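Worksheet for the structure shown next.
The values are calculated or read from the model by the stated rules, or taken from the named source; none is laboratory data. In this text the structure is predicted, and so the values were computed from the model without any measurement. Backbone-built Cβ (ideal geometry, glycine too); neighbour counts: all protein chains shown. Keep in mind that these areas ignore ligands, DNA and RNA; they rest on the heavy atoms of the full protein, side chains included. Shrake-Rupley method; radii C 1.70, N 1.55, O 1.52, S 1.80 Å.
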Amino acid sequence: MARALIARKEEQILVGEFWTSKQRQAHPIHYTISYRAAFKPELPEFFIKELLFKKKSVVLDPFGGRGTTAIQANIDGHYAIHNDANPLSLFLASSRKVIPKIELLEKKLNSLNLRKKVKETAIDEDLLHFFHKDTLIEIKNLMSIYNEDKSPEMTYLMVTALSRLHGHSTGFFSVYTFPQISIPPNAQARNNIKRNQKPEYREVKSRILKKLQTDLKLPLPAFYHEFSKKNEYTNFDSTNLSGIDDNVVDLVVTSPPFLDKVNYIEDNWMKTWFLSIHETDHKNVSIYSSLDTWKLFIEKTLQELSRVMKKNAQLVMEVGDVQYGKSILNLDEVVLRASEKTDLHWTKTYINSQKFTKLSNCWNIKNNEKGTNSNRCVVLTNKKK
């Protein structure tokens, strides 16, 4: 039986523009790397300021993605726990735990020899649909150096290079291709024929340097590293956060995978190659095509989140409205039903209205076909005894 709280639904649904629909309004380090289905930094910023009333709180994102929640928590003066079942996500977030000074990064970059001969590998044939052979040599040398040098400077150079791997302008290492996801090599081969293009040499160092100068043009808060150095980065399934203690989290801000809309492993195959992440390194990254199995997954996740959250701590789960069969499904309603068997009680739902991005329009991504049509943020309070 549904809780009585849900009957007062109209009083608890807030609709409006709670954060900007404009692009790239937050600190530039958020945009060091793109990641499929990532929410805007303004979303966690809004809820951190709306729901946390003391500094030095602990903010958790169990589906951490590119690290947006963790970075924003540090910028706002809080500690963060970043969790994700995908090891790529852990690198994206932890690589920005320490942001070296740009002078040190330039010095490190200038010291790298990226022109040495490298061994040919089986994947080269696929990669040459994207990269000129000399560019590929430089990329592989960068990978080799990082395997031996995990210093903060080299790590930050790697995440910056990762953001330059492939895209739709000359600022990327690749020929013209999709920027956010790694399309299959055979699809890129067809794309090259269709566009009458072939990979041209693009020097790696200069493109990394230009990106560094863009991302680090604004200073971070002086206290950023005071908080980021105490961050935790964990690689668990969201239904079993065994490495996180009970009663430690003040706020959760997260967005779970939306049914079968995104395949994070296939979409990021080139990034995982670049970081030498193997298939065996992946946990069970959740992809659900059935509404019932998705609801059960969310229910188990909420139960586990309740365990790690403090009493009266709050959870924000951002979902959306998606195409499911022939109808439009509001996933916030499913989250509410999933919460009924937990200690998490519904407080409010914020519906942030916004237009689709320029990138979405450019690639003909339309409402309800990929991702969400609106941000629906369900707020739950932990009422455990």
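Inspect the range 157-170 for any residue being touching a helix residue (DSSP H, G or I) at 6+ places or on another chain (Cβ under 6 Å), among the β-branched types (Val, Ile, Thr), under 25 Å from Thr68 (Cα atoms) and not in a loop (DSSP other than H, G, I, E, B) and give the result as yes or no.
yes
Tell me, which residue of the range 154-171 that is surrounded by fewer than 19 Cβ atoms within 10 Å (Cβ to Cβ) and small (Gly, Ala, Ser) is nearest to the chain's Cα centre (by Cα)?
Restricting to residues being surrounded by fewer than 19 Cβ atoms within 10 Å (Cβ to Cβ) and small (Gly, Ala, Ser), the top hit is Gly167.
With the requirement that a residue be open to solvent by 30 Å² or more (accessible area, probe 1.4 Å), under 15 Å from Gln213 (Cα atoms) and assigned to a loop (DSSP other than H, G, I, E, B), what does the range 84-112 give you?
Matches in the range 84-112: Lys101 only.
Between a residue in the range 120-144 that is under 12 Å from Glu200 (Cβ atoms) and any residue that is open to solvent by less than 60 Å² (accessible area, probe 1.4 Å) and among the β-branched types (Val, Ile, Thr), which pairs come within a Cβ distance under 7 Å, given they are 6 or more apart or on different chains?
Phe130/Val175; Phe130/Thr177; Phe131/Ile139; Thr135/Val204
How many residues, within the range 209-235, are touching a Pro at 6+ places or on another chain (Cβ under 8 Å) and either free of Cβ contacts under 8 Å to residues at least 24 places away in the same chain or in a loop (DSSP other than H, G, I, E, B) (or both)?
Looking only at the range 209-235, we keep the residues that are touching a Pro at 6+ places or on another chain (Cβ under 8 Å), and these are 214-218, 235.
Imposing the further condition that a residue be either free of Cβ contacts under 8 Å to residues at least 24 places away in the same chain or in a loop (DSSP other than H, G, I, E, B) (or both) reduces the set to 216-218, 235.
Final tally of qualifying residues: 4.
Filtering the range 16-57 down to residues that are modelled with pLDDT of 85 or more and of a type in the set (A, V, I, L, M), which residue is nearest to Asn375 (Cα to Cα)?
Among those that are modelled with pLDDT of 85 or more and of a type in the set (A, V, I, L, M), it is Leu43.
Just wondering, is there one or more residues in the range 196-203 that are at pLDDT below 95 and part of a loop (DSSP other than H, G, I, E, B)? Break it down stepwise before answering.
Looking only at the range 196-203, we keep the residues that are at pLDDT below 95, and these are none.
No.
Looking at this structure, is Thr272 farther than 22 Å from Asn375 by Cα, at pLDDT 90 or above and assigned to a helix (DSSP H, G or I)? First the steps, then the outcome.
Details: farther than 22 Å from Asn375 by Cα: yes; at pLDDT 90 or above: yes; assigned to a helix (DSSP H, G or I): yes.
For Thr272, the condition - farther than 22 Å from Asn375 by Cα, at pLDDT 90 or above and assigned to a helix (DSSP H, G or I) - is met.
Just to verify a result, which residue in the range 66-77, among those that are open to solvent by less than 10 Å² (accessible area, probe 1.4 Å) and assigned to a loop (DSSP other than H, G, I, E, B), is farthest from Met270 (Cα to Cα)?
For the range 66-77, the residue satisfying everything is Gly77.
Determine, yes or no, whether Leu60 is modelled with pLDDT of 95 or more, assigned to a strand (DSSP E or B) and crowded, with 17+ Cβ neighbours inside 10 Å.
Numbers: modelled with pLDDT of 95 or more: yes; assigned to a strand (DSSP E or B): yes; crowded, with 17+ Cβ neighbours inside 10 Å: yes.
Considered against the rule, which asks whether it is modelled with pLDDT of 95 or more, assigned to a strand (DSSP E or B) and crowded, with 17+ Cβ neighbours inside 10 Å, Leu60 comes out as yes.
Does Pro41 satisfy being crowded, with 21+ Cβ neighbours inside 10 Å, out of contact with any strand residue (DSSP E or B) (no Cβ under 9 Å at 6 or more places or on another chain) and in contact (Cβ under 8 Å) with a residue 24 or more places away in the chain? Reasoning before the result, please.
Working: crowded, with 21+ Cβ neighbours inside 10 Å: yes; out of contact with any strand residue (DSSP E or B) (no Cβ under 9 Å at 6 or more places or on another chain): yes; in contact (Cβ under 8 Å) with a residue 24 or more places away in the chain: yes.
Yes, satisfied.
Can you pull out the residues in the range 210-252 that are within 19 Å of Ser94 (Cβ to Cβ) and acidic (Asp, Glu)?
Result: Asp215, Glu226, Glu232, Asp237.
Given the structure, is Ala70 within 11 Å of the chain's Cα centre (by Cα) and at pLDDT 95 or above? Explain how you work it out, then say what you get.
Values: within 11 Å of the chain's Cα centre (by Cα): yes; at pLDDT 95 or above: yes.
Yes, satisfied.
Tell me the residue from Val285, Val335, Val316 that is under 19 Å from the mean Cα position of the chain (by Cα), modelled with pLDDT of 90 or more and of a type in the set (Val, Ile, Thr), please. Quick ask: steps written out before the conclusion?
Numbers: Val285 fails: modelled with pLDDT of 90 or more; Val335 fails: under 19 Å from the mean Cα position of the chain (by Cα).
One residue alone meets the criteria, Val316.
For the range 181-203, give me each residue that is without any contact (Cβ under 8 Å) to a residue 12 or more places away in the chain, surrounded by 11 or more Cβ atoms within 10 Å (Cβ to Cβ) and polar (S, T, N, Q).
Of everything in the range 181-203, nothing turns out to be without any contact (Cβ under 8 Å) to a residue 12 or more places away in the chain, surrounded by 11 or more Cβ atoms within 10 Å (Cβ to Cβ) and polar (S, T, N, Q).
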